[in-house]
Each structure stands twice: as structure tokens, then as C-alpha cells.
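The values are calculated or read from the model by the stated rules, or taken from the named source; none is laboratory data. Here the structure is a predicted model, which is why all the values come from computation and not from measurement. Cβ placement follows ideal geometry from the backbone for every residue including glycine, while neighbour counts extend to all protein chains displayed. For the accessible areas, the whole protein counts, side chains as well, though only heavy atoms, and no ligand, DNA or RNA atoms are used. Shrake-Rupley method; radii C 1.70, N 1.55, O 1.52, S 1.80 Å.
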Amino acid sequence: GYHSQDYITPPGYSATRIFWSFVTPKTRTVYFMKISRGQKNVAVYTVTAADAPTETFRGSDVSKVYLDIMTRVLKTNKPYFSHADLFSVFPMRRANTNKKAFCLNGPQFFGFGVDSIRQALETSANAVVCAVPLSLSSTPYQFCFRNPTDHAVMELQRKRALMKAEKALENVSGCARTEGTSAFDKSKGSGRITRALVRKVDEDHPSSPLTKGVSKNNTGGGKDPQNRNDSTSREFESTQAKYREMKSVPMEQRLAAKRSHIHGWGLFAKKDYPKNSMIAEYMGEAISQPIADKREKKYEILGMGSCYMFRLDFREIVDATQIGCMARFMNHCCAANAYANIITVNVDKEKGVPSTGTTSTNTSTSSLEKKIVVFAIRDIKSGDEITYDYKFPVEDGSLRCTCGAPNCIGRMN
């Protein structure tokens, strides 16, 4: 209601114009113009003259308001028209025209129809909302001087999708406990995602995010660093140092779980992460495949809309559904900015932290443990949502994708 195909009319806009008075003939006065919000979410145009402060012209049609003013001006100054005298100081009435105006129209009289002001409005911070209609019946504004960037349009669409998701998940009663499982139903949680994450070992392949990085020569192989060559040992030491640095900062200072436009909750960065840096460890309860199958059925019976399981190796699966950290909230994205990798670190058994001494496993207080760690594919800025590609295999049906990435195909598999 605050823009048309040709003009942007933002609420709070105000302007002044010196024009002929409708009170005193042959006299100019100052008109004060303002755009405000109407009761039906439409723009209301208000005009007040300096020499008639008690008389206000108001309406939702700028052309109608302008016509009302011009009618009064024409009536007051009727005996004083210039009658085609180009050198007269009086207003000239156009001949052979139906506008009945002094070479202006409503938008030009208010100012937002003047090119310089139109350009300023198009370059304002929130002008992008005029290019993305809220509904099919909305009319997008046709930019004349500077089109909004694709990034700005996409960010606006994601923000609107997030607001829509928030509204859909609102607790009607005002208390989350009284809502039961309705929040999960509204967020369209699916157990099929769980089954895809805990696929049988013989169906996994090296390119899967569940086993990516596990090979004979990398730090995820589980071998003693002392039995490796120098390059592998240095790689292990580098991984150990990065892991120790990541764990030295509490997770709540590095990451935050917030509502996401993609699906339910998402994981967001609270600091900048350079490319290939460690972001978070996927933590949970290590269980076997049979227990994971039983828990999956249990979670579905209980009506839990989301189940967070991630394969660690051929024998163990990490279940973060009830015991875990906020890393479980990572959503899928077709243009992911992170990936999951399995690494091996030397952990102090007594303290439960990465060992700062030698990497030897001969001591009784340290051992090698496999960890699921999330790495940055590219530079991630503070405030960005951290996503990775689930790389689900094609099964009996497609899982709908709502990431909104430019290369999104609308499904996860």
C-alpha cells in the first residue's frame, strides 16, 4: 500500500513546496505535505497551507488530493491568469489539455515524482521491499535509476520466510508446554531424514558427508601418530592444535541456535570463520546401530518431529537428540558453507580435553578418539547461518528442500 508501479510513497515522508495560494489571489504560500499510515495499511496524503493552517487536504489518492487543491487555486485566481502571456508573473493555464493543472501532477507536487527524489528513494535502505511483492496481487515497483541487487532481494525473501515460519510456530496458548507436539507438526519434521542419516554401513560411500574424510592416510584413520610418516604426523599435530583452539572457546560464545527460514531452528555464527577452520564438534551419545534403530522407532512413537543422529564409524552412531550440543541444528543447503569430517584427536581421559603434550598413546591418561567436526568450506561472516549438504541418496520419495539458494533444485535427494 506504500508504492505503485511508478512511485514509492513511504510513510513518514514529508516535503514543502512554494505554490500559489488558494486563500489570497496573486500570492504564493508554503504547502506542507506529509505521507502517513492509514487504517487499512495504505498511504494517506496530507497537505496544509501556511496561510490556512486550520484547513487540511487529506486522502488516499494523491491525484485526488492534488486536484482538490488546484480546484481551490483556480477558483481564487481565476481573474488573474496570464492568458498565454509568457512574461506574466501569474500562472498559465494550459490550452487543449484535460489535466486542468499548472504543469504539475500529484506525485510531482508532493515531490516523490521528481527524478532527483525518486533516485534518492530508490537508493534508500529498504527500497528493495518495493521490488518483491508480498502477494500475487501486489504490484512491484519499476526501478528507474538503480535496481536492487540479487543478494538484497534474496535476503529479503529469507527474512520474510523466517517471519512466516515464526508466525506459524507461535504458541496459541502462550505456553510451550501446553502445545504438546503441535510445534513439531507445524515445522513439518520428518523421520525419513533420520533414517537417511543412519543408513546401513554397506550403503555408505566415501563421498557421503557421514564418512567423508575417513581414509587410510588421513587423521580419521585411527592409527597411532607415531607409526605414521612425517607428513601424516604433522597433519595430525595441526589437526590437534586446531581442535584444541576450537575447544578453548565455549560454544555459546562462538555459535547460536536461532529460528531459520530453511527449517525450524538453525545454527548461526557469532564470529567470523575463515576457510577450512573448525566450527564445532557434533557431540552426543555414542550408540550402536541396533540401539539407533530402536531409538528411531521410539522417537517416532513419542511424536518427536526431529531426530539428530550422525554416523561416527562402522560401529558407532552419535545420537544428539536428547544429549548433545547446538551443532545438531545445522540445516541442509544446496549451497552449503560447511562440511562434516571425522578426525582423530588425542584426548586426556581424566580431564576429557585434548592433550597438550606428546601424541604418544603409551600413557594411561590419554587415548585417541574419533570426533565429528564441522569445517568451513569458505569464509563465514558473523551472523551467517551455518549449513552443509546432507547429500541424501535417492529413496522412495524426494525430501523437499527450502534452503532458497540460487542453485536449489527444491529437494534434498
Counting only protein heavy atoms and leaving out ligands, DNA and RNA, the solvent-accessible surface of Lys159 at a 1.4 Å probe, in Å² to the nearest 10, equals 130
Spin-label point model (7 Å from Cα, Cβ direction): what's the Glu235 to His151 distance in nm?
3.4
Listed residues His263, His332, His151 arranged by accessible area, highest first, probe 1.4 Å:
His151, His263, His332
Which net charge results when you count Lys and Arg as +1 and Asp and Glu as -1 among the other residues whose beta-carbon is under 14 Å from that of Ser21?
+4
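I need the fraction of alpha carbon pairs in region 13-61 separated by more than 12 Å, rounded to a whole percent.
So the portion of pairs separated by more than 12 Å is 63 percent.
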Where does region 262-337 land on Rg/Rh, using Cα atoms and the Kirkwood Rh?
1.01
At 0.36 nm per residue, and after removing the present C-alpha to C-alpha distance, how many nm does the segment from Thr54 to Ile18 gain when stretched out fully?
11.2 nm
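For the peptides 287-294, 265-272, what is the packing order when you average, over each peptide's residues, the other Cβ atoms within 10 Å and list the highest mean first?
Order by mean packing, descending: 265-272, 287-294.
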So what is the relative contact order for region 2-74, in percent, with contacts set as C-alpha pairs under 8 Å and at least six apart?
23
Cβ-Cβ FRET estimate between Lys159 and Asp115, R0 fixed at 41 Å, reported to 0.05
0.85
